[in-house]
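Beneath this line is the structure, given in structure tokens, with notes to follow.
What follows draws every value from the coordinates through simple rules; no lab data is involved. All values derive from a computational prediction rather than experimental measurement. Using ideal geometry, Cβ is built from the backbone for each residue, glycine included, and neighbour counts are taken over all protein chains shown.
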């Protein structure tokens, strides 16, 4: 049974309890069935939540950079900073780079 089917059956039981004259035996059976459906829905929701957590965890793991890659990246950035400092010494330096329009300041 799917989650939507369980919810629909619960809604049907609720509507019948609100509109019908229900005898005690039928009320007990409907209450028990409702409890089963609620347990099923909770189980499906927990399963879906766990699956989503695993998906997001795997995405987070893919985004993480291994430590040795971080060291290489840091060295590359330091070398790039040295090159950039030389570029700032000329009067015709454009922050957007040669041939690129300068970005407006937002502050």
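So the values come out like this:
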item: Nearest-0.05 FRET efficiency for residue 52 and residue 25, computed from C-beta distance (R0 30 Å); result: 0.15
item: Size of segment 1-55 as Cα extents on the principal axes (Å, biggest first); result: 48, 16, 15
